[in-house]
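Below is one structure, written out as structure tokens; comments come after it.
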Amino acid sequence: MAERRINELIEIINKANYEYYTLDNPTLTDQEYDRYMQELIKLEEANPELKRADSPTVRVGGEVIKEFNKVTHEIPMLSLSNVFNESEIIAFYERIRKEGVKTPKYVCELKIDGLSVSLTYKKGVLVRGATRGDGITGEDITHNVRTIKNVPLHLNKDIDIEVRGEIYMSKDSFNSINEERNREGKELLANPRNAAAGSVRQLDSKIAASRNLETFIYHLPNAIDYGIHTHYETLEFMKSLGFNVNPNIKLVCGINELLEYINEWTKKRESLPYEIDGIVIKLNDIDEQQRLGFTSKYPKWATAYKFPATEVLTKLKDIIFTVGRTGQVTPNAVLEPVRLMGSLISRATLHNEDYIKSKGIKKGDIVAIRKAGDVIPRVEYPVESRRDGSEEEFIMTNTCPICGSKLIRKGEEASYYCINDHCDAKKIEGLIHFSSRDAMNIDGLGEEIVEDFYNLGFVHDISDFYNLYLHKEELMELEGFGEKKIGNLLEAIDNSKNNSLERLIYGLGIRYVGNKTAKLLASSFKSMESLKKATFDELLDIKDIGEVIAKSVEQYFTDVKNKELIERLTELGLNMSFNGKTIEENINFVDKIFVLTGTLSSITRNDAKSKIELLGGKVTESVTGKTSVVIVGDNPGSKYDKALKLGIPVWSEQDFLNNIAE
Ligand code: IVH
């Protein structure tokens with residue numbers, strides 16, 4: 001009686017798991033599922049002799065092993081050769097073609113960034129899960145593998161089979177585990193791959209059970225024995241047995257389709273809920289695979305195209321401090337130079353004292369570097385296992401590295417500031433900011449040139465840019481400058497005098513006045529003269545301007561030095577009025593956050609951005625939960641996929657134009 005009910009319950013729960021985890025189409029409610037599970041647990045407790053090896057109750061973990069047993073892989077678990085760019089992909093393709101392969105069909109797959117696993121089934125029941133180890137000898141991790149929800153404990157057919165695939169952790173699970181660890185003050189897990197590997201290397205299976213691991217199965221070493229002759233059919237077969245096979249596989253014919261798949265997924269990879277580190281290319285015909293065979297390490301019929309790494313390890317040689325335009329003193333990493341996504345990196349940001357302390361980063365550590373937002377690289381975490389004792393604790397400086405003034409830490413902020421207005425570093429940064437794209441947008445006046453001009457004594461404050469023409473002869477003498485280059489530069493400087501007021505306001509570098517606030521101020525006050533006279537209350541009356549900004553603006557214009565600067569700029573002929581239109585609030589745009597992707601045909605991206613801002617919206621670069629609308633042009637990138645995934649409203653170019661017109 002009990003046995004029959006146990007069998008029945010196992011069947012119901014296994015089916016529910018398959019529908020939930022593999023088909024993504026549950027038919028039982030959570031409550032029903034829990035009820036069946038509880039009933040099964042109770043029956044098994046009362047009748048321990050009836051507990052089956054494939055009982056879904058093993059998913060909750062609890063089995064604890066004393067040590068990892070060694071496992072020998074009868075068919076070695078090989079790794080894949082790597083290619084890193086298009087010409088190497090083509091060379092791989094050509095090499096196989098020259099071997100006389102008749103049907104150049106390939107299966108393209110995502111290269112899941114986890115750890116490989118071998119799963120063995122006897123009569124359809126999972127009996128062993130093992131790591132790859134060195135390819136010949138791995139470790140028995142059956143107790144942990146049994147807790148992974150989409151690993152079938154019982155296949156749809158009672159056959160003997162060994163399959164291989166990848167255990168991984170989704171980005172969401174990784175983030176929520178780290179959030180919890182952070183709350184509990186525990187050390188953070190470095191990345192989803194390490195987190196997955198660490199989870200299966202636990203003796204107590206409760207830990208793996210709590211980690212939400214998942215699998216994709218992609219290889220059947222002896223497919224021919226099952227009467228299968230193509231890799232594509234192998235994947236279909238494994239799917240039919242109940243394994244989770246990645247849905248983004250594609251059978252391609254010829255090199256063009258192959259490169260197309262690679263390009264598509266290189267763009268879309270960020271939108272996936274798990275990390276991938278490349279694309280695997282496998283010859284489809286298994287008889288041809290066998291003819292080509294293996295080297296000692298790799299199959300000759302497959303290869304992995306590896307994406308450029310987004311994270312690399314290097315030595316943190318020193319921590320130095322720099323001063324920004326606002327006086328903020330930031331710790332920066334001096335690194336042993338490394339290549340990352342095409343550029344040689346020797347500096348990275350460390351944000352502030354709190355960031356360094358929370359990550360436990362020490363001078364001399366081996367650290368992971370990542371391109372945050374793909375622009376400024378950032379130190380992510382130290383590799384503690386590589387410490388040798390020579391590392392030094394980080395100590396935040398309390399004086400400005402340029403002028404030596406004492407730094408202050410403002411209220412709640414994690415940052416330290418140099419409040420000496422005459423500090424050289426702040427001056428140079430202020431000058432760079434003035435000429436930057438969102439401010440006066442002076443072509444040819446980049447960071448290094450501004451710094452050189454300052455150090456050579458040509459510019460001390462921003463008004464000096466407009467007197468540079470007086471030094472034309474001297475400037476032409478400088479290394480790397482000719483008459484033409486200086487001519488263009490002086491012309492660009494002269495043209496910038498006509499900029500609308502908001503650019504100048506932003507360029508002044510008033511604390512808390514970003515370019516959106518500068519636009520608000522310019523469109524509200526229309527001229528520098530009225531802005532200068534504006535009282536604290538008048539400033540506060542403007543929508544979106546709070547006390548902090550109002551106070552900062554008021555303070556700026558009470559400083560005599562600043563007043564004199566504005567006077568000099570007026571005398572030099574800079575435009576002091578607002579040329580643009582006032583913000584025309586449009587209900588479709590007000591207070592919404594927009595992201596643009598793809599090519600718009602009737603308007604440039606910059607114009608679209610200005611238009612959105614003019615109508616009261618904001619434009620940001622990446623799609624997040626806060627994004628209100630994604631505007632999609634031709635050939636959209638991964639932002640489009642992300643919008644669909646997050647269920648964010650999407651506008652076509654026409655929708656955008658209609659909404660403007662309304
Ligand atoms: S096929 C003989 N397919 O990448 C075939 N491997 O760098 C062997 N990997 O050890 C592997 N996704 O851990 C294959 N779709 C995929 C894969 C994949 C990730 C891993 C696997 C392998 C490593 C090689």
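The values are calculated or read from the model by the stated rules, or taken from the named source; none is laboratory data. As the structure is a prediction and not an experimental result, all values here were calculated from the model. Using ideal geometry, Cβ is built from the backbone for each residue, glycine included, and neighbour counts are taken over all protein chains shown.
Among the residues of the range 156-174, just one is within 35 Å of the chain's Cα centre (by Cα) and in a loop (DSSP other than H, G, I, E, B), namely SER170. Taking the listed residues SER116, SER205, the one that is free of Cβ contacts under 8 Å to residues at least 60 places away in the same chain and crowded, with 16+ Cβ neighbours inside 10 Å is SER116, with no other qualifying.
Restricting attention to the range 101-113 and to residues that are over 25 Å from GLU139 (Cα atoms) and in contact with an Asp or Glu (Cβ under 9 Å, 6 or more places away or on another chain), the residue that is surrounded by the fewest Cβ atoms within 10 Å (Cβ to Cβ) turns out to be LYS102.
Yes or no, residue by residue, for (1) over 23 Å from ALA518 (Cα atoms); (2) under 24 Å from the mean Cα position of the chain (by Cα):
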position	(1), (2)
ILE612	no, no
GLY617	no, no
THR620	no, yes
VAL623	yes, yes
ASP634	yes, yes
LYS639	yes, yes
LYS642	yes, yes
PRO649	yes, yes
SER652	yes, no
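Within the range 252-286, the set of residues being more than 14 Å from the ligand (Cβ to nearest atom) and among the hydroxyl-bearing types (Ser, Thr, Tyr) comprises THR266, SER271.
On the stretch given as the range 183-194, residues that are away from the ligand (no atom under 16 Å from the Cβ) and either in a loop (DSSP other than H, G, I, E, B) or touching a residue at least 24 places away in the same chain (Cβ under 8 Å) (or both) total 7.
Just to be sure I understand the filter: pairs with C-beta atoms under 9 Å, separated by 6 or more residues or on different chains, first member in the range 123-134 and closer than 19 Å to ILE159 by Cβ, second member of a type in the set (Lys, Arg) and surrounded by fewer than 18 Cβ atoms within 10 Å (Cβ to Cβ). Which pairs pass? From residues that are closer than 19 Å to ILE159 by Cβ, the pairs are GLY124/LYS157; VAL125/ARG52; ARG128/LYS122.
Restricting attention to the range 160-178 and to residues that are of a type in the set (A, V, I, L, M, F, W, C) and free of Cβ contacts under 8 Å to residues at least 40 places away in the same chain, the residue that is farthest from the ligand (Cβ to nearest atom) turns out to be ILE177. Screening LEU431 with (1) assigned to a loop (DSSP other than H, G, I, E, B); (2) closer than 18 Å to LEU572 by Cβ; (3) over 31 Å from the mean Cα position of the chain (by Cα); (4) aliphatic (A, V, I, L, M) gives one miss only, at (1). I'd like to know if the range 303-320 contains one or more residues that are modelled with pLDDT under 90, among the small types (Gly, Ala, Ser) and over 28 Å from GLY135 (Cβ atoms). No, there is no match, as no residue in the range 303-320 is modelled with pLDDT under 90, among the small types (Gly, Ala, Ser) and over 28 Å from GLY135 (Cβ atoms).
If you check VAL323, VAL338, VAL375 for being over 22 Å from the mean Cα position of the chain (by Cα) and modelled with pLDDT under 90, only one passes: VAL323.
Taken over the range 63-99, the criterion of being within 14 Å of the ligand (Cβ to nearest atom) and in contact with a strand residue (DSSP E or B) (Cβ under 8 Å, 6 or more places away or on another chain) is satisfied by HIS73, ILE75, MET77, LEU78, LEU80, SER81, ASN82, VAL83, PHE84. For ILE224, only one of the following conditions fails: (1) in a strand (DSSP E or B); (2) within 16 Å of the ligand (Cβ to nearest atom); (3) surrounded by fewer than 21 Cβ atoms within 10 Å (Cβ to Cβ); (4) among the β-branched types (Val, Ile, Thr). What is its number? Answer for ILE224: the failing condition is (1). Every test in (1) under 30 Å from ASP225 (Cα atoms); (2) free of Cβ contacts under 8 Å to residues at least 40 places away in the same chain is passed by ALA91 save one, and that test is (1). THR624 meets each of the listed conditions (1) out of contact with any helix residue (DSSP H, G or I) (no Cβ under 7 Å at 6 or more places or on another chain); (2) surrounded by 17 or more Cβ atoms within 10 Å (Cβ to Cβ); (3) at pLDDT below 90 apart from (2).
Just one residue in the set LYS543, LYS533, LYS551 is within 20 Å of GLU413 (Cβ to Cβ) and surrounded by fewer than 16 Cβ atoms within 10 Å (Cβ to Cβ); that residue is LYS551. Please determine, by comparing only the residues of the range 119-160 that are polar (S, T, N, Q) and farther than 21 Å from SER210 by Cα, which one is modelled with the highest pLDDT. Only one residue fits best here, namely THR120. Checked against (1) at pLDDT 95 or above; (2) away from the ligand (no atom under 14 Å from the Cβ); (3) not polar (S, T, N, Q), ILE112 passes all but condition (2). Can you find a residue in the range 291-299 that is away from the ligand (no atom under 16 Å from the Cβ), touching a strand residue (DSSP E or B) at 6+ places or on another chain (Cβ under 8 Å) and in contact (Cβ under 8 Å) with a residue 60 or more places away in the chain? Among the residues of the range 291-299, not one is away from the ligand (no atom under 16 Å from the Cβ), touching a strand residue (DSSP E or B) at 6+ places or on another chain (Cβ under 8 Å) and in contact (Cβ under 8 Å) with a residue 60 or more places away in the chain, which makes the answer no.
Considering only residues that are at pLDDT 85 or above and assigned to a helix (DSSP H, G or I), which ones fall in the range 51-92? Before the answer, list the steps.
From the range 51-92, those at pLDDT 85 or above are 51-52, 55-57, 65-92; that's our starting set.
PRO56, THR57, GLU86, SER87, GLU88, ILE89, ILE90, ALA91, PHE92 - these are the residues of the range 51-92 that are at pLDDT 85 or above and assigned to a helix (DSSP H, G or I).
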